[in-house]
Amino acid sequence: MKTSTVSQKVSKNSTHKMVKVAVAKGDGIGPEIMEATLKILNAAGARIEPEFIELGEQVYLSGNSAGISKESWEVINRNKIILKAPITTPQGKGYKSLNVTLRKSLGLFANVRPVSALYPHVETNFPQMDVVVIRENEEDLYAGIEHQQTQDVVQCLKLITRPGCERIVRYAFEYARVYGRKKVTCMVKDNIMKLTDGLFHQVFNEISAEYPEIESDAQIIDIGAARLAANPENYDVVVTSNLYGDIISDIVAEIAGSVGMAGSANIGTNVAMFEAIHGSAPDISGKGIANPSGLINASVSMLAHIGQTEIADKIKNAWLTTIEEGYHTADIYNEDASKQKVSTSEFALEVIARLDQQPNELPVSNIANGKGVITIPPYKRKEEKKQLLGLDAFIDWKGSDPEIIGKALSKINSFKLKLKMITNRGVKVFPGGMKETYCTDHWRCRFVAIDAQINGSTPVYEPVEYEQVVALLSRLHNEGFDVIKTENLYEFNGKRAFSLGQGE
Ligand code: NAD
């Protein structure tokens, strides 16, 4: 199989090929900050050729619910690199999130958000912080698979996959290697979600072992997020799943000083998209006062990604020097630290004037000193033996006493399958539940063929055939039970592959 390269080339070669980039000017402040950014890229000698694409508010309002035209897709598919200013999603139902569409359609699996403090030039409580959050971008609760199952209960499916975990965790370690970072911290909640977050943690353990030169560490997300907010200086690269990453990447940007300053990269195997993390700021649009730094930083990541690392450093260092010398847009201006309040276009000119300078106090950018290319090998599925052990039947029942449904279901034996237990919202309520447990109309009834239901010993499950499951479901239906969903219970390579009920 061919190796796919997420081409984060870090080379010292200054003669680069011209790279065509799909550029979206966006809405609100988008066109103002894009103009400033493109001027800087041009003045720095970036070897890029913008090809402008239409997406965002006007496309939505023209009746295209995805917010992106067919022609724009063609340019993206041709160029594979996107520099995007923020867009405005019109109010009202029926408009699909353009960012989610782009991420999912283009397989942009990694969201990379580097955030560092610019103290004392930009106010922050954490002068030393320099964190990169690498967030899985396609899976988890963001798969958008939701159902109402009973009158009282709605569900959202959390999907974590081994290929998804392998790709994002390897990307994080490769990123650390290429950018000379020392430590990768994984954040999960596997004390509760033993299968889903447990898989992410297990893959992290497996892949971290391949990078002994990089320190690795795993933390439970709740305490991890609290520590990250309290002492961000202790973190370097953080890798996590979609929802946790969404939250902590915003926390990190906020505590660094200005949400207007950070850029982010969305990296896929073939396509990559670079943008500021803030929105289109309609409140200041057209005033010429927006801070273009988020998009400038995004364009620096883009240049590093396409191998133009010296130009990336040149722009980053000029930008750091401009901030250091106190030329600040209104959002970060303060009388103590700033020298002059500048407009968006004046800020760009100040950066251009410093394209051959390096900052004195802030750390000098040296991406060009990195090494190697980020390579994510294709996923190889290992053979595993799968065995059916039983069924969780979710039943809509409006009664409140678990003993009643429990006793009725206990009478239903279908071949070897027997009721083992019932949970309500995950807590065991039959047999031997507690009367204090609140019960909804959503009963998870576990049927297994089991050898050792007695003595509290470790249960030994007997294999069952799918026909037995079908027969059980038919029996439940005929007895008047309203089965609203089922989950098969499996073991893989002899290992139980479902969680136990709380109290089971
Ligand atoms: P926002 O980020 O646009 O604005 C929040 C606040 O931050 C505002 O006070 C704004 O003036 C300020 N701000 C943002 N960027 C700034 C900058 N570069 N310089 C100075 N100040 C800046 O968030 P919002 O108001 O919640 O959203 C506005 C619109 O942007 C919405 O339509 C939303 O859907 C969209 N949005 C788009 C993206 C994207 O395209 N990636 C991301 C977030 C929000």
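The values are calculated or read from the model by the stated rules, or taken from the named source; none is laboratory data. The structure displayed is predicted, hence computed values, not measured ones. Glycine also receives a Cβ, built like all others from the backbone with ideal geometry; neighbour counts cover every protein chain displayed. Heavy atoms of the whole protein, side chains included, go into the accessibility calculation; ligands, DNA and RNA do not. Shrake-Rupley method; radii C 1.70, N 1.55, O 1.52, S 1.80 Å.
For the reader, a short list of remarks on this structure follows.
- Residues of segment 280-292 classified as within 7 Å of the ligand (Cβ to nearest atom) and among the hydroxyl-bearing types (Ser, Thr, Tyr), total: 1
- Restricted to segment 259-292, and to residues there that are more than 13 Å from PRO86 (Cα to Cα) and more than 21 Å from the chain's Cα centre (by Cα), the residue that is surrounded by the fewest Cβ atoms within 10 Å (Cβ to Cβ) is ASP283.
- Residue selected from segment 74-89 under the condition open to solvent by 20 Å² or more (accessible area, probe 1.4 Å) and part of a loop (DSSP other than H, G, I, E, B), by the criterion farthest from the ligand (Cβ to nearest atom): LYS80
- LYS418 meets all of the listed conditions (1) closer than 25 Å to MET193 by Cα; (2) in a strand (DSSP E or B); (3) not hydrophobic (A, V, I, L, M, F, W, C) but one, namely (1).
- Annotation note: Cβ proximity below 7 Å between a residue of segment 33-54 that is within 13 Å of SER299 (Cβ to Cβ) and modelled with pLDDT of 95 or more and a residue that is among the aromatic types (Phe, Trp, Tyr) and away from the ligand (no atom under 14 Å from the Cβ) (sequence gap 6+ or interchain) occurs for no pair.
- Qualifying positions in segment 421-445 - in contact (Cβ under 8 Å) with a residue 24 or more places away in the chain, assigned to a loop (DSSP other than H, G, I, E, B) and among the hydrophobic types (A, V, I, L, M, F, W, C): CYS439
- Put simply, of VAL100, VAL112, VAL132 the only residue that is assigned to a strand (DSSP E or B), within 16 Å of the ligand (Cβ to nearest atom) and under 30 Å from PHE52 (Cα atoms) is VAL112.
- The residue list LEU320, LEU362 contains one member that is within 30 Å of the chain's Cα centre (by Cα), crowded, with 18+ Cβ neighbours inside 10 Å, modelled with pLDDT of 95 or more and under 21 Å from VAL115 (Cα atoms), which is LEU320.
- Filter pass, ALA298 being touching a strand residue (DSSP E or B) at 6+ places or on another chain (Cβ under 8 Å), surrounded by 22 or more Cβ atoms within 10 Å (Cβ to Cβ), among the aliphatic types (A, V, I, L, M) and within 17 Å of ILE40 (Cα to Cα): yes
- Number of residues in segment 142-183 that are under 16 Å from the mean Cα position of the chain (by Cα) and of a type in the set (Val, Ile, Thr): the value is 4.
- Yes/no for GLY406 being surrounded by fewer than 21 Cβ atoms within 10 Å (Cβ to Cβ) and at pLDDT 95 or above: yes
- Residue that is farthest from the ligand (Cβ to nearest atom) [pool: residues in segment 323-346 that are open to solvent by less than 40 Å² (accessible area, probe 1.4 Å) and in contact with a strand residue (DSSP E or B) (Cβ under 7 Å, 6 or more places away or on another chain)]: GLY326
- Only one of the numbered conditions (1) open to solvent by 70 Å² or more (accessible area, probe 1.4 Å); (2) assigned to a strand (DSSP E or B); (3) acidic (Asp, Glu) is violated by GLU51, and that is (1).
- Residue tally, condition small (Gly, Ala, Ser) and either within 22 Å of PRO359 (Cα to Cα) or crowded, with 21+ Cβ neighbours inside 10 Å (or both), over segment 95-151: 3
- Segment 242-279, residues that are within 14 Å of the ligand (Cβ to nearest atom), under 21 Å from THR185 (Cα atoms) and either modelled with pLDDT of 95 or more or hydroxyl-bearing (Ser, Thr, Tyr) (or both): SER249, SER264, ALA265, ASN266
- Count of segment 7-32 residues which are modelled with pLDDT under 70 and crowded, with 23+ Cβ neighbours inside 10 Å: 1
- LYS385 vs. criteria on the phi < 0 side of the Ramachandran plot and loosely packed, with under 12 Cβ neighbours inside 10 Å: yes
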